[in-house]
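Each remark here refers to the structure printed beneath this line.
Read-outs throughout are calculated quantities, based only on the coordinates presented, and are distinct from any laboratory measurement. Predicted model, so just to flag it, every value in this text is computed and none were measured. Ideal geometry is used to build each Cβ from the backbone, glycine not excepted, and the neighbour counts take in all protein chains shown.
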Amino acid sequence: AQSVTQLGSHVSVSEGALVLLRCNYSSSVPPYLFWYVQYPNQGLQLLLKYTSAATLVKGINGFEAEFKKSETSFHLTKPSAHMSDAAEYFCAGGYQKVTFGTGTKLQVIP
Amino acid sequence: DVKVTQSSRYLVKRTGEKVFLECVQDMDHENMFWYRQDPGLGLRLIYFSYDVKMKEKGDIPEGYSVSREKKERFSLILESASTNQTSMYLCASTFREGGNTQYFGPGTRLTVL
């Protein structure tokens, strides 16, 4: 069975600091990986996705993620956090049916 | 703009009631999904439909059923609502091919008293 693991249910960073949200996937997950973001009282929206074209994937709002097969990881980063980045982030993987991680809530401290 | 709409943002029902949650998408997507979102558990797939009248159980189908009579509409049915079905329900849709973005509705927060 495929699985996606997000380390840390809550992450706090200062405004302007590096954001690093961790995601590991099981080797049985096909090579389609996603990061979605959920703002309060909204549905999820796509931040970025990996579909084997390039290992470094750039997304919206300055986020990027690097696919590392040897580490089975797909960590999400942003060089400088902004207050508007406060949200819940979900890593997901799969083909037609997608398995979601348990989510990481990002708090940005002014 | 892709639009996925859900019939209610908030719903309060009583134990034992039959509950219908409706989802409509306007992008001619083949695949539609119903998820349940609970704190600390992320999103869990209840049911998945890959075509009209076709459905497949997800990870937590017990206590739920679905209906897809038209391509754009996917309904989730709670035959006899129970308090442990209090949750946020999210609908999503996408094209059939793997690797496509799922587009989500705003969610329905269901409370069963």
If R₀ is 30 angstrom, what is the calculated FRET efficiency for the pair residue B:20 and residue A:39, using the beta carbon separation as r and rounding to 0.05? 0.65
Output the antiparallel fraction of DSSP beta bridges having both residues in chain B, as a percent to the nearest 5. 90
q = 0.14, 0.16, 0.20, 0.28 Å⁻¹, the stretch B:42-113: log10 I(q)/I(0) [Debye, one scatterer per Cα]: -0.46, -0.60, -0.94, -1.60
Take every Cα pair under 8 Å in the stretch A:13-110 that's 6+ residues apart, average their separations, divide by the length, and report that relative contact order as a whole percent. 36
Counting DSSP beta bridges with both partners in chain A, what percentage is antiparallel, nearest 5? 85
Comparing A:87, A:53, A:65 in a Gaussian network model of chain A (Cα, 10 Å), the one with the largest mean-square fluctuation is A:53
Cα-centre dipole for chain B with unit charges at Cβ (Lys and Arg positive, Asp and Glu negative), debye to 20: 320
Chymotrypsin sites (Phe, Trp or Tyr not before Pro) within the stretch A:2-102, DSSP loop, no more than 14 other Cβ atoms inside 10 Å: A:95
Taking R0 as 30 Å, what's the FRET efficiency between residue B:3 and residue A:17 from their Cβ-Cβ distance, rounded to 0.05? 0.25
Can you sort B:110, B:11, A:20 by how many other beta carbons sit within 10 Å, fewest first? A:20, B:11, B:110
Per residue of A:35-43, other chain Cβ atoms within 10 Å number on average 4
Using alpha carbons only, how many angstrom separate the centre of the stretch A:57-110 from the centre of the stretch B:8-83? 26
Identify the trypsin sites (Lys or Arg not before Pro) of the stretch B:15-113 meeting these criteria: DSSP loop state and at most 14 other C-beta atoms within 10 Å of the C-beta. B:18, B:53, B:96
In the stretch B:20-85, the GluC sites (Glu not before Pro) that fall in loop regions by DSSP, at most 12 other Cβ within 10 Å: B:62, B:79
If you average the sequence gap of Cα pairs under 8 Å that are 6 or more apart and divide by the length of chain B, what percent do you get for the contact order? 36
Residue among A:41, A:14, B:35 farthest towards the positive dipole end of the protein assembly as shown, charges placed on Cβ: B:35
Too long at a 23 Å Cα-Cα cut-off: which of B:18/B:55; A:69/A:97; A:49/A:69; A:68/B:3; A:97/B:70? A:68/B:3
Dipole magnitude of the protein assembly as shown about its Cα centre, charges +1 at Lys/Arg Cβ and -1 at Asp/Glu Cβ only, in debye to the nearest 20? 260
Could you please report the charge total around residue A:84, scoring K, R as +1 and D, E as -1 over all other residues with beta-carbon less than 12 angstrom from its beta-carbon? -1
Going 7 Å from the Cα of residue A:10 toward and past its Cβ, which residues in the stretch A:71-110 have a backbone nitrogen under 16 Å from where you end up? A:86-89, A:103-110
Taking the Cα centre of the stretch A:7-110 as origin, sum charge times position over the Cβ atoms of Lys and Arg (+1) and Asp and Glu (-1), and report the length of that vector in debye to the nearest 20. 260
Cα lying deepest toward the dipole's positive end in the protein assembly as shown, options A:23, B:87, B:77, charges on Cβ: B:77
